[in-house]
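Working notes, beginning with the structure itself.
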Amino acid sequence: MTTTRPEMSVAASVRRPVRRASARGARHKARWLLLTPFYALFLFVFLLPLGYALVESLFTEKKSGLGIGGERVFAGLANYVTAVQHTDLLGGVGRVLLFGLVQVPVMLLVALGLALAVDALTGTFPKFARLAAFLPYAVPGVIAAILWAFLYMRGTSPFVAFFATVGISVDFLGDDLVLWSIANIVTWTWTGYNMLVIYSALTGIPRELYEAAALDGAGAWRIAMSIKVPLVAPALVLTTFFSIVGTVQLYAEPTVLKSYSRSITGGYTPNMAVQDVAFGLNNYGVAAAMAVLLALGTFVVSFGFLRLAKAMTTRKAAS
Amino acid sequence: MPRLAGRVLLRGVLLIGAIYFLIPVWWLITAATKSSSQLFSSSPLWFGENFSLFDNITAVLTRQDGMFLRWMLNSVIYAGGGAAGATLLGAAAGYVFAKLPFRGSGALFGVVLASILLPTSLLVMPLYLLFSSLGLINTMWAVIIPSLASPFGVFLARIAAQESVPDELLEAARIDGAGEARIFFRIALPLMMPALLTVFLFSFVGIWNNFFLPMVTLNDSELWPAMLGLYFWGNQPSELNYHFVITGSLLSIIPLAIAFIGLQRYWRMDLTAGAVKL
């Protein structure tokens, strides 16, 4: 706009479209300026590795006569067949599915209950409870697992000692219980976080809704069930979605507990199984195929959940 | 407001919850005051006969020539640097998606969101090979670079831009002749700052907890973050090193716990709570 033109009248008549066009150009330049740093890195640390894994999953190392080294040959889907038939992948997937089916609903119901309780009460105690619930989120998964390992271990566990006094012998780290012991660690770490997400959705609900419902004779329980819970449904969907993704990714807690429990194998969860094949057996092709299958499974389960949630809420809205 | 009986019941529920969340932390505090042998001979949820906390802290800080402090410093570098970079890059991208949408920007954003679903194990192995060929294995960059591109950060920053930058203000600035880059840095970024602090905190915790990636890309124990170091200390369970693991764990969570309580009002959970539209 700093250029001066001799014919001002002409300039004035063309000025607006010209300016709009140059503004559009400037906006376009700004977009790329602002997007490029992130996408350059994103390409480097997400898309490139993803592409590499996809390609690698189709190749295999043909062992030479001595069994060392070898040439890289196209293997088609052979790695995928091996991944399904001869690795811990499916066992791990079954384990995290079972884990998720129990742990995610339990954790989120507890989180919802605590959030409703904090929302319904006044005073300093609910504030304190909120802080106490959030504190475990400050404890990293590795530390949480170390901490609970001692709380599960015979000799240092107050719980094992308690059960022993009433004549019950429990082994939190044994075959039967260790999966649920891990579930408890994850629940302990994440309940408060999820509770706060739900609670902040609750505080966004206009109070007049409760007053109107109370005038209509609805009690506190009825208000909670018929107004509060439906209105925080989006927060519940979001927390469920991220909990599902987290469950599939289960890695730090079982890896740490492995040092304390004989019941946890090297391929206990899918992520551990992939790592085991990639860095333990150095079989990159099969490991890549396992990881790709795992990614597909994650997409199916998490988007399946979103569709289900959407169908349920629209049906509710229609009825 | 529920009736009296209901209030008592709700307080009871909260009390049980608080006990559940605090017991492990209480156990950790008492256990850090015991020597390894006392750990087994004393009551698990109370202090032992001798108060060994300071001996334990000295033991942790002097083990392997002060390696623990080195690990804590590494964690601060990784989480602080990574989170600052991820927040800034996320803010720029999130702002474009919220305020300068263009044809195809929805799809571009979708790709970022979908990448949240990629399992760590899928990315870690190719990253290891990629970083090996670039000579980045066993350098701090192997942990920092992947932390800088945070899909969740873009996701949150987009919401931050949507809720804190009014369109009218941008229009007014454009009419005044301000360039787009200037508008972002001088107008939008300051307005987004409080919400971006939340993004920073989430990223910080995420990187602080990072375990899989450093485990694969860092062999040199001098470069380990605290999580990895404590994992290796706890890796060979033996009565001889329990007090290192326990006291080290306690020391490692104190800075984060203080930051959590001190910055409580910046943990804006509503940033994610309303994010899903059904």
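Here, each number is a calculation from the coordinates, and none is a lab measurement. A quick note: this is a predicted structure, and the numbers were derived from the prediction, not measured. Because the Cβ atoms are built from the backbone with ideal geometry, glycine has one as well, and the counts that use them run over all protein chains shown.
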Problem set entry | Evaluated over segment B:1-132, the Cα radius of gyration and Dmax, each in Å | 24.8, 70
Exercise. Over its Cα atoms, what ratio of radius of gyration to 2.2 N^0.38 Å does the protein assembly as shown give?
Worked result: 1.07
Problem set entry | Estimated FRET transfer efficiency when R0 is 45 angstrom, pair residue A:106-residue A:72 (beta carbons, to 0.05) | 0.45
Seminar exercise, completed: Rounded to 0.05, the calculated FRET efficiency for the beta carbons of residue B:163 and residue A:316 at R₀ = 25 Å is 0.40
For this session: Starting from the Cα gyration tensor of chain B, take the square roots of the eigenvalues, sort them a ≥ b ≥ c, and report rounded, prolate or oblate (rounded when a/c is under 1.5, otherwise prolate if a/b is larger than b/c, else oblate).
Result: oblate
For this session: For the protein assembly as shown, compute the number of Lys pairs whose alpha carbons are separated by less than 18 Å, excluding pairs fewer than 8 positions apart on the same chain.
Result: 5
Exercise. Tell me, what ³J(HN,Hα) does each residue in segment A:163-178 have, in order and in whole Hz, if you take phi through Karplus 6.51 cos²θ - 1.76 cosθ + 1.60 with θ = phi - 60° and put x for Gly and Pro?
Worked result: 4, 5, 5, 9, x, 10, 9, 10, 10, 5, 9, x, 3, 6, 10, 4
Exercise. Residue A:33 to residue B:64: FRET efficiency via 1/(1 + (r/R0)^6), r the Cβ-Cβ distance, R0 35 Å, to the nearest 0.05?
Worked result: 0.15
Problem set entry | Debye equation applied to the C-alpha atoms of segment A:80-318, log10 I(q)/I(0) at 0.18 Å⁻¹ | -1.31
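To the nearest whole number, what is the average tally of beta carbon atoms from other chains within 10 Å of the beta carbons of peptide B:92-104?
For this peptide, the per-residue mean of nearby foreign Cβ atoms is 4.
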For this session: Give me a single rounded figure for A:200-209: the average over its residues of other chain Cβ atoms within 10 Å of their Cβ.
Result: 2
Problem set entry | segment B:2-97, relative contact order in percent, only Cα pairs under 8 angstrom and at least six apart counted | 16 percent
Seminar exercise, completed: GNM of chain A, Cα pairs under 10 angstrom: of A:54, A:121, A:250, the biggest fluctuation goes to A:121
